[in-house]
1. Could you pull out the residue among B:225, B:274 that is in contact (Cβ under 8 Å) with a residue 12 or more places away in the chain and under 29 Å from the mean Cα position of the chain (by Cα)?
2. For region B:169-188, how many residues meet the condition of being under 17 Å from residue B:155 (Cα atoms) and without any contact (Cβ under 8 Å) to a residue 60 or more places away in the chain?
3. Taking the residues in region B:408-426 that are farther than 27 Å from residue B:198 by Cα and not in a loop (DSSP other than H, G, I, E, B) as candidates, determine which candidate is most open to solvent (accessible area, probe 1.4 Å).
4. So which residues in region B:372-402 are among the β-branched types (Val, Ile, Thr), surrounded by fewer than 21 Cβ atoms within 10 Å (Cβ to Cβ) and part of a helix (DSSP H, G or I), if there are any at all?
5. Restricting to region A:136-158, what's the tally of residues that are outside any helix (DSSP H, G or I) and free of Cβ contacts under 8 Å to residues at least 24 places away in the same chain?
6. Have a look at B:319, B:369 and point out the one that is in contact with a strand residue (DSSP E or B) (Cβ under 7 Å, 6 or more places away or on another chain), free of Cβ contacts under 8 Å to residues at least 40 places away in the same chain and open to solvent by less than 10 Å² (accessible area, probe 1.4 Å).
7. Go through region B:463-475 and give me each residue that's within 17 Å of the chain's Cα centre (by Cα) and either at pLDDT 70 or above or of a type outside the set (A, V, I, L, M) (or both).
8. For region A:169-190, state whether one or more residues are within 18 Å of residue A:85 (Cβ to Cβ) and either assigned to a helix (DSSP H, G or I) or open to solvent by less than 60 Å² (accessible area, probe 1.4 Å) (or both).
Amino acid sequence: MVVQQAVPGRPMDRLSTDELEWDALYADLAPRVYNYFRFRISRYRMGSEADVEELTSRTFERAWRARGNYRHDIAGFSTWLFKIAQNVGLDYHSQSRERGHLPLDAAIDVAVDGTPELHAELGSDLARLATLTASLPERERELIALKYGASLNNRMIAGLTGLSESNVGTLLHRLVRTLRAQWHEQASARDE
Amino acid sequence: MNDDFLQRLRKPPPPEFLDKLKARLDRQPLPPPQPRRFAFSRGMVLGFVLGVAAIAIAVTSIPGVSGSLRALLQAPGRFVARHWLYGPRTQDSNQHKVVPLGPVWLPEHPGRPPDRQVAAASASFKAQAGDHSHETNAAANGTAPRPGIQPPTTLLIVASQTALTHATYALEHMDCCSGYLKLEPDTGAVPFEKMCTLPTTAAAAAIANATPTPAAMELSRRIPPEEMRNCTPILKTVELKLGYQAIVLGRAKLYGPLRLTRRSVFLALAKRIPDPNHSGALMDNPNTTWSQVDPAIPYESDRIQVFGPPPGSVPGKLAAQLLLEAGCNSYPWIAALHDRDPDRYREICTTLRDDGAYTPAGVSGWAYADELVGNPTALGVFSTDEFAAVKDKLSASPLDGAEPSPASFASGGYPASRTFYLYTTPYRARNNPGLVAFVRSNMEQTNFYSNDPNGWGFTPLDPAERAAAMKDLTN
């Protein structure tokens, strides 16, 4: 969603804490954070819907507690929020590894004997994407989640990843081209 | 970059989850901001400033110090006070910076508006804010406001009569947020200028607020640059091309394409046509062969026979408009009726003949494509995607020398087509996720258009143009 204006002259994303319209921000950002986590964690474990909700909640609660410290002169609110989301995601991944959750490629192997829900999840488009991105480096997966889950523009992604804006554009272009080809190959193989 | 397969993977979170989370957040009090560390450099600066200020005060209070020396000593103090205490102020810090909503063509505005206009516009902006706040129709869409969540204001979108079916269809097929939008037909009461300008006086604002102001308008005509230049510059009115509506006339390849003009199509298919012997009068269409409507057409004995959708159906009405209106408007006295007597204009320019020359044969071209192969002098009416599927059997008729193609639709050279545009301003579309979803639905739901009569005739932008537009829009 394009950042809109609450006060003439300044985008809402760059207003100070007192000026921000929290309800509107929540309505705009909650679905984006939610989808960011859907893209980000679906490959780690099955039954991740609850985890996605948990991580979204954790992000907003952390941001809400700290919102008095938000500095609008340094970054836009959504950039700030997604930085928190990234940290929440990293915590989750490290905890997942400690708990010994299966990575998706391993999960795919055991899916044959899984429950119907598991099959449905694996058959979903998101799981298809997960299989395609399983071999990608962490950075590329993050780019996909920020672009297509969180709907961020390249400039904001650059701010969050430390890459240059043009580099983000180039990387995403290549990634999408590769994924699209694999996506269609997979679809035709499935049809056959 | 075609990334639709990734865009489609997003889904809205469950409403119950959003409600619960919002309720939890609302219960949290806003913590006081943590005091920032007093940086050493900041202390140095403050000490310096205080020192300079003290010296300046002392010097200016000493009698006998000359004015120029006094000014010289006061200058650093003034400079520091201006640039360090109150922060740098750029010249344009009070200018409105508007985030454009999408990829757009903007007319050349004649420079920055006068300050008075900006001030008046800013003052009246808040008054304007409520003027398109309508009761949400969200309940009807199943997205009624939930307790604890304040949805963005419902936006009013006005669609011209010719774009209304398409806009309604797009609204019904949005992937989210349709509850935030209200679509109304353009009845002429809300001109484009109302959307793209701000009143500059309180009296004008009161008049403007008497009727709702749309946040966006979907039209099948392009607003000319001179009309765009009347818009208030700070509103940054933007134009977005959504796609085309076009139909194709085709016949079997046996005799090659039948080259027609807009007027010959009108004279062949309209129920009533101008009487050549009585100026300004109409007569029942007497033409039975193509050579009667245009002597330049070969095969003079070829009978006029056109298969198409039933005139009462949505595709039939569209076919009538696109086939007849362009030729109808080639008669100045009929074109003048458009504003003077719209009902009569519609009757003349959108009524297909019912004496057998136009044969209702099904709501889509699939129904009669094979019939045309066996009847090689007959023409069929197709949407562009229908025709693409049968183009190995049929050849398309150029109109006024223009082949039907996205390029000729875009240029306006192909008479049986029109282009949909959406106009909006970021001010009026603020905080509303619905508008972007509406635009996406307008441009992207190409799959529905092949099968649904309400979407029949829509031709999307070519993939590169659409991808670029969506990329810019989402960025």
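1. Details: B:274 fails: under 29 Å from the mean Cα position of the chain (by Cα).
Result: B:225 is the single residue among B:225, B:274 that is in contact (Cβ under 8 Å) with a residue 12 or more places away in the chain and under 29 Å from the mean Cα position of the chain (by Cα).
2. 6
3. Step one: filter region B:408-426 for residues farther than 27 Å from residue B:198 by Cα, giving B:408-419.
Next cut, not in a loop (DSSP other than H, G, I, E, B) only: B:408-411, B:417-419.
Numbers: B:408: 14, B:409: 5, B:410: 45, B:411: 90, B:417: 20, B:418: 33, B:419: 15 Å².
For region B:408-426, the residue satisfying everything is B:411.
4. The initial filter retains those residues of region B:372-402 that are among the β-branched types (Val, Ile, Thr), namely B:373, B:377, B:381, B:384, B:390.
With the extra rule that they be surrounded by fewer than 21 Cβ atoms within 10 Å (Cβ to Cβ), the set shrinks to B:373, B:377, B:390.
B:373, B:390, listed by residue number.
5. Residues in region A:136-158 being outside any helix (DSSP H, G or I) and free of Cβ contacts under 8 Å to residues at least 24 places away in the same chain: 2 in total.
6. Values: B:319 fails: free of Cβ contacts under 8 Å to residues at least 40 places away in the same chain.
Only one candidate qualifies: B:369.
7. Of the residues in region B:463-475, the ones within 17 Å of the chain's Cα centre (by Cα) are B:465-474.
Result: B:465, B:466, B:467, B:468, B:469, B:471, B:472, B:474.
8. From region A:169-190, those within 18 Å of residue A:85 (Cβ to Cβ) are none; that's our starting set.
No, that holds for no residue.
The values are calculated or read from the model by the stated rules, or taken from the named source; none is laboratory data. On a predicted model such as this, the values are computed, not experimentally measured, just so you know. Every residue, glycine as well, gets a Cβ built from its backbone with ideal geometry; the counts of neighbours run over all protein chains shown. Note: accessible area is taken over every heavy atom of the protein model, side chains too, but ligands, DNA and RNA are not part of it. Shrake-Rupley method; radii C 1.70, N 1.55, O 1.52, S 1.80 Å.
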